[in-house]
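**Student:** One structure is given below, represented as structure tokens, and several questions about it will come after.
The values are calculated or read from the model by the stated rules, or taken from the named source; none is laboratory data. Treat the numbers as computed from the prediction; the structure is a model and nothing was measured. Counting neighbours? That spans all protein chains shown, and the Cβs are built from the backbone with ideal geometry, glycine included. Calculation scope for accessible area: heavy atoms of the full protein, side chains included, ligands and nucleic acids excluded. Shrake-Rupley method; radii C 1.70, N 1.55, O 1.52, S 1.80 Å.
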Amino acid sequence: MVGYNYHNKKTKDSDGLKMAGILYDARKIKAYEGMLALGELAGEDKAWCDALWEEIIFDAELMDELVFYLENHSIMDKIKCEGYGLTDLYIWQMNRYNIIGDTGKNTAACNKERMVLHAFYDMAAMKKNPAVYLKRMTLGRGMDEQA
């Protein structure tokens, strides 16, 4: 990005535009806009997306994962919490959907955008309180679980 600094000299910064001592980070704005678009596809309202954004903006690992996801439509899976990554949380979301729908499989009606956003939300929450998520993820599937 090319701009002018407070000395009226041309500047170029790969992460954003420097203006009068202020760093304008276009990557974060694009990530926010991308996350809102994903939220719309997922059927989540702006308030929910903003709550997720508040978690992501202060967590560099989650931000990197979100940017990677928006650019590649896949998860890097670099973040781990208690041995679980975003892929694990996504699969956990998928399994919960299959149980609720009682289909035993992932159908075309399954909203994958919603599941990936919820995986991000769950990772942010898990990093704050891992014990709660470890319990949820290891309790099993009730009567559908085979002995």
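**Student:** Go through region 59-72 and give me each residue that's out of contact with any helix residue (DSSP H, G or I) (no Cβ under 9 Å at 6 or more places or on another chain) and without any contact (Cβ under 8 Å) to a residue 12 or more places away in the chain.
**Tutor:** Once the filter is applied, which keeps residues that are out of contact with any helix residue (DSSP H, G or I) (no Cβ under 9 Å at 6 or more places or on another chain) and without any contact (Cβ under 8 Å) to a residue 12 or more places away in the chain, region 59-72 yields 60, 68, 72.
**Student:** Let me ask another. Report the residue count in region 57-74 for those that are among the aliphatic types (A, V, I, L, M) and open to solvent by 40 Å² or more (accessible area, probe 1.4 Å).
**Tutor:** 3
**Student:** Do we find a residue being more than 16 Å from residue 124 (Cα to Cα), within 12 Å of the chain's Cα centre (by Cα), surrounded by fewer than 17 Cβ atoms within 10 Å (Cβ to Cβ) and of a type in the set (Gly, Ala, Ser) anywhere in region 46-56?
**Tutor:** Checked against the condition, which is being more than 16 Å from residue 124 (Cα to Cα), within 12 Å of the chain's Cα centre (by Cα), surrounded by fewer than 17 Cβ atoms within 10 Å (Cβ to Cβ) and of a type in the set (Gly, Ala, Ser), region 46-56 yields no hits at all.
**Student:** Would you confirm whether any residue within region 23-31 is modelled with pLDDT of 85 or more, loosely packed, with under 15 Cβ neighbours inside 10 Å and touching a Leu at 6+ places or on another chain (Cβ under 9 Å)?
**Tutor:** Yes, the conditions are met somewhere in region 23-31.
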